[in-house]
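What follows is one structure encoded as structure tokens, with my remarks underneath.
The values are calculated or read from the model by the stated rules, or taken from the named source; none is laboratory data. All values derive from a computational prediction rather than experimental measurement. Cβ placement follows ideal geometry from the backbone for every residue including glycine, while neighbour counts extend to all protein chains displayed. In case anyone asks, the SASA skips ligands and DNA or RNA and just uses the protein heavy atoms, side chains included. Shrake-Rupley method; radii C 1.70, N 1.55, O 1.52, S 1.80 Å.
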Amino acid sequence: MSDPVTLHDIYLARQRLAGQAARTPLILSQSLSLRFEAEVYLKLETLQPSGAFKLRGALNKIASLSSEQLERGVTTASTGNHGRAVAWAAKRLGARAVICLSELVPANKVAAIEALGAEARVIGRSQDDAFVEARRLVAEEGMALIEPFDDPLIAAGQGTIGLELMEDLPSLDRAFVGLSGGGLLGGIGRAVKGVNPRATVTGVSMQRGAAMIDSLAAGRPVEVEEEASLADSLGGGIGLDNRCTFALVREVMDDHYRVSEPAIARAMLHFFEQEKMLVEGAAAVGLAAIEEHDIDIRGQKVALIVSGNGVDAETLMRARALIDYPER
Ligand SMILES: *Cc1c(COP(=O)(O)O)cnc(C)c1O
């Protein structure tokens with residue numbers, strides 16, 4: 001039995017998020033609309049104060065905790081957008097936050113977490129070790145674990161993106177959504193289809209290590225081998241004991257694609273050069289899929305979820321090099 005996420009849950013999330021997360025703009029991309037003979041819109045989650053949409057889920061979860069729980073604090077183990085979102089949301093809502101990180105995490109990422117007002121606990125040699133520490137804080141100190149995706153409150157928080165989409169563009173034909181653990185796609189899919197069951201929701205993952213796509217094919221959550229990708233925010237498994245997002249994504253996703261590293265690189269460079277936007281690989285996979293798989297969107301109203309801006313100059317240069325020498 002899995003925990004459902006309803007349209008009602010998403011409306012409740014929206015109320016908790018009001019005045020906390022940004023209601024992000026949906027803008028028409030002139031260059032992509034021209035190129036694909038469609039109306040291509042960009043949902044700019046890059047403009048969230050934490051730099052990615054994950055703030056929505058973290059705020060919804062933390063705002064749902066009791067005042068006693070807020071006092072005991074919240075924890076998670078994440079180096080990326082989720083860790084930043086939890087730190088940001090906890091500070092905003094007056095909760096203590098401990099973000100567990102491994103020794104391998106670079107100092108600038110540790111400093112970024114601390115700058116957001118959270119405690120960065122550096123422990124162990126791997127992400128798994130950091131997760132053990134987070135679980136210990138839950139068991140021994142009564143802190144609340146904030147999951148990155150597999151929690152109905154997290155998926156409902158991300159689903160508020162779908163409500164905003166349907167308000168701004170009720171005639172939306174198709175949304176392209178980056179797919180990793182499935183909180184983002186599951187939430188958006190529930191909201192979009194709750195308003196218009198005929199709208200199409202397309203998931204996009206990187207070529208290798210697409211945990212949700214492999215799990216759906218297997219009919220149950222499976223482990224995947226991780227590989228470095230420009231879309232690093234799409235890495236990681238969905239959890240062998242997945243209780244929410246596997247069933248949700250299976251229900252609301254219409255189709256899915258995998259994209260290669262050169263295709264992600266070209267899409268990132270498109271955002272940089274044509275849209276004048278800095279977006280990370282995971283946020284560019286929708287465009288990468290349309291390009292690489294020649295998806296026919298002519299005459300359609302299409303939304304790309306531009307999910308986060310976590311990219312540095314070095315990564316952008318790596319992407320640039322990959323376009324010149326795709327075999328690298
Ligand atoms: C986490 C993340 C995703 C994927 O979200 P899931 O809920 O794990 O599927 C996509 N893009 C960015 C930028 C992310 O940080």
With Val306, Val311, Val302, Val285 as the choices, which residue is over 17 Å from the mean Cα position of the chain (by Cα), in contact (Cβ under 8 Å) with a residue 40 or more places away in the chain and surrounded by 12 or more Cβ atoms within 10 Å (Cβ to Cβ)?
Val302
Out of Arg243, Arg220, sole residue that is basic (Lys, Arg) and in contact (Cβ under 8 Å) with a residue 40 or more places away in the chain:
Arg243
Check Ala107, Ala112 and return the single one that is more than 14 Å from the chain's Cα centre (by Cα), within 16 Å of the ligand (Cβ to nearest atom), surrounded by fewer than 23 Cβ atoms within 10 Å (Cβ to Cβ) and without any contact (Cβ under 8 Å) to a residue 60 or more places away in the chain.
Ala112
Kindly check whether there is at least one residue in the stretch 132-143 that is more than 17 Å from Arg96 (Cα to Cα), assigned by TED's automatic domain parsing to the domain that holds Ser64 and either of a type outside the set (D, E, K, R) or touching a residue at least 40 places away in the same chain (Cβ under 8 Å) (or both).
yes
Give me the helices (runs of 4 or more DSSP H) completely within the stretch 186-273, filtered to those with at least 2 residues that are touching a Leu at 6+ places or on another chain (Cβ under 7 Å) and open to solvent by 20 Å² or more (accessible area, probe 1.4 Å), ordered by residue number.
261-270
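In the stretch 157-207, what count of residues is obtained for those that are of a type in the set (A, V, I, L, M, F, W, C) and either away from the ligand (no atom under 12 Å from the Cβ) or without any contact (Cβ under 8 Å) to a residue 40 or more places away in the chain (or both)?
Here is the first cut: in the stretch 157-207, the residues of a type in the set (A, V, I, L, M, F, W, C) are 161, 163, 165-166, 169, 172, 175-177, 179, 184-185, 188, 191-192, 195, 199, 201, 204, 206.
Next, only the ones that are either away from the ligand (no atom under 12 Å from the Cβ) or without any contact (Cβ under 8 Å) to a residue 40 or more places away in the chain (or both) stay: 163, 165-166, 169, 172, 175, 191-192, 195, 199, 201.
Count: 11.
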Considering every residue within the stretch 134-153, establish whether at least one is within 30 Å of Gln300 (Cα to Cα), part of a helix (DSSP H, G or I) and small (Gly, Ala, Ser).
no
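Please enumerate the residues belonging to the stretch 46-79 that are among the hydroxyl-bearing types (Ser, Thr, Tyr) and within 26 Å of Ser102 (Cβ to Cβ).
Ser50, Thr75, Thr76, Ser78, Thr79
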Working only within the stretch 299-315, note down all residues that are outside any loop (DSSP other than H, G, I, E, B) and either more than 16 Å from the ligand (Cβ to nearest atom) or within 30 Å of Leu172 (Cβ to Cβ) (or both).
Lys301, Val302, Ala303, Leu304, Ile305, Val306, Gly308, Ala313, Glu314
Quick count over the stretch 231-256, residues being of a type outside the set (Asp, Glu), farther than 20 Å from Gly159 by Cα and either within 12 Å of the ligand (Cβ to nearest atom) or at pLDDT 95 or above (or both), is 5
